[in-house]
Amino acid sequence: MFFTTGGGDAVESAWKLAKQYFTLTGKPAEHKVISRAVAYHGTPHGALSLTGLPGLKEPFEPLVPSAFRVPNTNIYRAPEHGDDPEAFGRWAADRIGEAIEFEGPDTVAAVFLEPVQNAGGCFPPPPGYFQRVREICDRHDVLLVSDEVICAFGRLGTMFGAQRFGCTPDIIAFAKGVTSGYSPLGGMLVADRLFEPFRHGTAMFAHGHTFGGHPVSAAVALANLDLFEREDLLGHVMRNRDAFRATLERLRDLPIVGDVRGDGYFYGIEMVKDRDTRETFTEEESERLLRGFLDKALYEAGLYCRADDRGDPVVQLAPPLTCDQAHFDEIEQILRAVLAEAWARL
Ligand SMILES: Cc1ncc(COP(=O)(O)O)c(C=O)c1O
């Protein structure tokens with residue numbers, strides 16, 4: 001376990017640790033990283049280099065070289081196999097294998113993935129995707145880093161997001177949920193084998209933050225984790241996640257709702273101009289829809305959520321882990337009224 005103060009620092013730390021691990025184990029050329037299109041990994045130079053959002057990066061170029069992008073798991077806009085989740089999962093995972101082989105397996109240190117990708121609007125992994133990525137990483141001796149700044153600590157009903165999909169990564173980067181947001185803390189969990197080369201001799205991970213693992217935040221995190229146990233929050237999310245999905249699925253009868261996707265207590269609703277053709281909005285329409293109307297209307301109606309168009313326009317929901325059917329109904333009713341009005345205004 002290594003503590004930082006936030007998520008981007010945790011991602012940054014994971015890349016640096018991967019590089020040093022390979023240097024210490026006799027593979028100093030393994031330094032490149034692979035991440036996915038539209039994914040957001042944070043603001044420090046390394047984390048921003050991993051980020052797949054060109055507009056966010058542009059003012060700070062040139063960034064860290066040797067970060068490469070592959071397609072994400074947005075099956076709603078899949079270029080191939082859009083009607084076959086398993087085939088799409090194989091296709092998407094194989095793009096990672098292809099990138100590693102193209103760059104040269106002896107030069108690639110790590111693959112960075114979120115269990116459910118936030119930016120773009122909650123893309124869950126298709127069935128088998130994570131297992132196949134794990135196999136590809138193992139085959140090439142590349143580390144698998146799960147960026148769980150959002151997905152760890154119950155968001156998907158499991159303590160860690162990768163667990164939800166039956167996968168064991170080499171490093172988990174975490175932040176927000178470790179304190180339920182009540183105090184700033186982030187960090188990374190590292191597989192024992194990555195610690196091995198640091199265990200002996202004089203090698204150290206020469207990396208840290210002034211307030212990394214701050215005692216007040218650490219105390220808040222421990223108290224928070226006690227509450228997870230006492231209130232069985234993971235069990236609560238597991239028992240209620242299908243109901244959350246089913247309640248949000250009701251919104252599919254609205255003409256503006258193109259897709260409802262996500263997992264656990266983490267969902268995105270993609271808005272479209274035409275449900276049949278999946279046509280999305282122009283930049284100007286999206287600006288008018290999101291900043292001109294939805295942000296304010298949802299907030300004023302009492303629903304605190306994110307209307308985002310870093311990918312195609314979406315409303316994203318990450319309700320408190322204590323929510324139940326009464327809250328889901330309220331969320332659905334507010335969304336129904338506000339989205340219907342948004343459609344009427346178009
Ligand atoms: C998946 C993911 N990674 C990294 C970050 C960066 O975290 P921070 O803003 O705490 O640096 C975020 C922030 O939202 C995130 O969602």
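Rule-based calculations on the coordinates, nothing more; no lab input. On a predicted model such as this, the values are computed, not experimentally measured, just so you know. Every residue, glycine as well, gets a Cβ built from its backbone with ideal geometry; the counts of neighbours run over all protein chains shown.
Note on the chain: antiparallel DSSP beta bridges, both residues inside, total approximately 60 percent of the bridges counted. If only the Cβ of Lys and Arg carry +1 and only the Cβ of Asp and Glu carry -1, the dipole of the stretch 2-229 around its Cα centre is close to 280 debye. Restricted to Cα atoms, the stretch 72-201 shows a radius of gyration and a Dmax of 15.5, 54 angstrom. Backbone phi angles across the stretch 190-202, fed through the Karplus curve with coefficients 6.51, -1.76 and 1.60 (θ = phi - 60°), yield HN-Hα couplings of 10, 4, 3, 5, 6, 7, 3, x, 8, 6, 10, x, 10 Hz in residue order; Gly and Pro are listed as x. Rounded to two decimals, the Cα radius of gyration of the stretch 233-345 over 2.2 N^0.38 Å is 1.03.
Between the residues Leu234, Phe198, Val70, the greatest Cα displacement towards the positive end of the dipole of the chain, with unit charges on the Cβ of Lys, Arg, Asp and Glu, is found for Phe198. GNM, the chain, Cα, under 10 Å: largest mean-square fluctuation among Tyr182, Tyr21, Tyr265? The residue that fluctuates most here is Tyr182.
Considering only Thr322, Leu298, Gly258, the residue lying farthest towards the positive end of the dipole of the stretch 233-345 is Thr322, judged by Cα position with unit charges set on Cβ. Normalising the average separation of contacting C-alpha pairs (under 8 angstrom, six or more residues apart) by the number of residues puts the relative contact order of the stretch 206-346 at 24 percent. With neighbour counts taken as other beta-carbon atoms within 10 Å, the residues Leu321, Leu113, Leu50 rank, fewest first, as Leu321, Leu113, Leu50. Considering only beta bridges that DSSP places wholly inside the stretch 114-266, some 60 percent are antiparallel.
Sorted largest first, the spans of the alpha carbon positions of the chain along the three principal axes are 67, 46, 38 Å.
Taking other C-beta atoms within 10 angstrom as a stand-in for reagent exposure, Leu63, Leu185, Leu233 fall in the order Leu63, Leu233, Leu185, fewest first. Contact order, relative form, for the chain: 17 percent (alpha carbon pairs under 8 Å, 6 or more residues apart, mean separation divided by residue count). Amide H to amide H, with H built 1.01 Å from N, Gln117 comes under 5 Å of Phe123, counting only residues 5 or more places away or on other chains. Of the residues Trp91, Ala337, Phe165, the one whose Cα sits farthest towards the positive end of the charge dipole of the chain is Phe165 (charges of +1 on Lys and Arg Cβ, -1 on Asp and Glu Cβ, taken about the Cα centre).
Summary of packing: across the peptides 32-43, 202-213, 132-143, the per-residue average of other C-beta atoms within 10 Å ranks them, highest first, as 32-43, 132-143, 202-213. Cβ crowding within 10 Å, taken as a proxy for footprinting-reagent exposure, orders Val220, Val64 from fewest neighbours to most as Val64, Val220.
Against the main long axis of the alpha-carbon atoms of the chain, helix 233-249 sits at an angle near 40°. Restricting attention to the stretch 233-345, close to 100% of DSSP beta bridges with both partner residues there are antiparallel. Number of Lys-Lys pairs in the chain with C-alpha atoms under 25 Å apart and a separation of 8 or more places or on different chains: 11.
Working note: 222 nm ellipticity from helices only, DSSP H runs with n ≥ 4, each -39,500 (n - 2.57), summed and divided by the residues of the chain, gives -12000 deg cm²/dmol to the nearest 500.
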